[in-house]
1. Looking at this structure, is B:Asn27 at pLDDT 95 or above and either over 13 Å from the mean Cα position of the chain (by Cα) or not acidic (Asp, Glu) (or both)?
2. Quick one: would you say B:Ala29 is open to solvent by 30 Å² or more (accessible area, probe 1.4 Å), under 26 Å from A:Leu95 (Cα atoms) and touching a residue at least 40 places away in the same chain (Cβ under 8 Å)?
3. Name the residue that is modelled with the lowest pLDDT, counting only residues in the range B:83-101 that are in a strand (DSSP E or B) and within 7 Å of chain A (Cβ to nearest Cβ).
4. For the range B:2-11, does any single residue satisfy the condition of being open to solvent by less than 70 Å² (accessible area, probe 1.4 Å) and more than 30 Å from B:Ala98 (Cβ to Cβ)?
5. Condition check: under 14 Å from the mean Cα position of the chain (by Cα) and touching a residue at least 24 places away in the same chain (Cβ under 8 Å). Does A:Ala92 satisfy that?
6. Regarding the range A:61-84, can at least one residue be identified that is in contact with a helix residue (DSSP H, G or I) (Cβ under 8 Å, 6 or more places away or on another chain), hydrophobic (A, V, I, L, M, F, W, C) and at pLDDT 95 or above?
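The values are calculated or read from the model by the stated rules, or taken from the named source; none is laboratory data. It should be emphasised that the depicted structure is a prediction, and the values quoted were computed from it without experimental measurement. All Cβ positions, even for glycine, are placed from backbone atoms using ideal geometry, and neighbour counts span all protein chains on display. To get the accessible areas, we keep the full protein, side chains included, count just its heavy atoms, and leave off ligands, DNA and RNA. Shrake-Rupley method; radii C 1.70, N 1.55, O 1.52, S 1.80 Å.
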Amino acid sequence: DAGVTQSPTHLIKTRGQHVTLRCSPISGHKSVSWYQQVLGQGPQFIFQYYEKEERGRGNFPDRFSARQFPNYSSELNVNALLLGDSALYLCASSLNHGPETQYFGPGTRLLVL
Amino acid sequence: QQQVKQSPQSLIVQKGGISIINCAYENTAFDYFPWYQQFPGKGPALLIAIRPDVSEKKEGRFTISFNKSAKQFSLHIMDSQPGDSATYFCAARRGGGADGLTFGKGTHLIIQP
């Protein structure tokens with residue numbers, strides 16, 4: 001069975017640009033969460049989506065948005081990129097909403113110049 | 001505000017020894033406590049998880065000890081092997097799960113052959 005997949009694997013953008021990151025959850029999983037991991041730190045929660053609805057949001061500015069599609073895949077969008085947005089963006093899927101086991105993808109490495 | 005404090009930041013253990021990583025939490029609403037292992041360039045992988053109704057859980061060489069009254073939990077890796085060299089993160093999640101996982105800052109573990 002395929003695990004969580006994310007695309008692209010690496011991305012370089014300049015300040016002020018917009019970026020879209022994509023995630024496909026494990027087959028049968030209905031919940032997707034997004035995390036930001038800055039080098040040397042633990043992942044920080046950005047969003048959780050379940051059944052195409054936002055169920056949780058972390059302490060991130062409105063420049064960050066996301067959505068979930070009918071096939072449960074998800075996109076994370078970041079507008080007006082800042083240098084500080086450089087990080088590994090992780091997607092995690094779980095079967096349902098709630099304190100379920102979360103399985104992480106390999107991440108998208110974003111570098112903002 | 002760091003809700004999950006992890007120590008030590010780095011740890012060196014001889015092959016065959018016991019690796020011990022500690023975490024403390026503040027939020028008594030947390031009710032799910034997983035440990036993740038992360039290799040460079042990869043996403044975190046779930047190792048083992050515990051809920052506060054048990055004091056210990058063992059899976060192979062990995063054991064979680066949980067002290068609810070002290071609000072502390074720890075990971076023990078028995079018979080540590082060079083392949084265990086990685087960064088380990090403890091995490092916690094509030095009942096209901098809308099907040100996502102709250103991670104510690106990580107422990108960089110090196111197992112010397």
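1. Details: at pLDDT 95 or above: no; either over 13 Å from the mean Cα position of the chain (by Cα) or not acidic (Asp, Glu) (or both): yes.
It is false that B:Asn27 is at pLDDT 95 or above and either over 13 Å from the mean Cα position of the chain (by Cα) or not acidic (Asp, Glu) (or both).
2. On the way: open to solvent by 30 Å² or more (accessible area, probe 1.4 Å): yes; under 26 Å from A:Leu95 (Cα atoms): yes; touching a residue at least 40 places away in the same chain (Cβ under 8 Å): yes.
Against the criterion (open to solvent by 30 Å² or more (accessible area, probe 1.4 Å), under 26 Å from A:Leu95 (Cα atoms) and touching a residue at least 40 places away in the same chain (Cβ under 8 Å)), B:Ala29 qualifies.
3. Taking the range B:83-101 and keeping what is in a strand (DSSP E or B), we get B:86-94.
Applying the additional criterion that residues be within 7 Å of chain A (Cβ to nearest Cβ) yields B:89, B:93.
Details: B:Phe89: 98, B:Arg93: 90.
That would be B:Arg93.
4. Checked against the condition, which is being open to solvent by less than 70 Å² (accessible area, probe 1.4 Å) and more than 30 Å from B:Ala98 (Cβ to Cβ), the range B:2-11 yields at least one hit.
5. On the way: under 14 Å from the mean Cα position of the chain (by Cα): yes; touching a residue at least 24 places away in the same chain (Cβ under 8 Å): yes.
Judged against the criteria, A:Ala92 is a match.
6. Yes: one or more hits.
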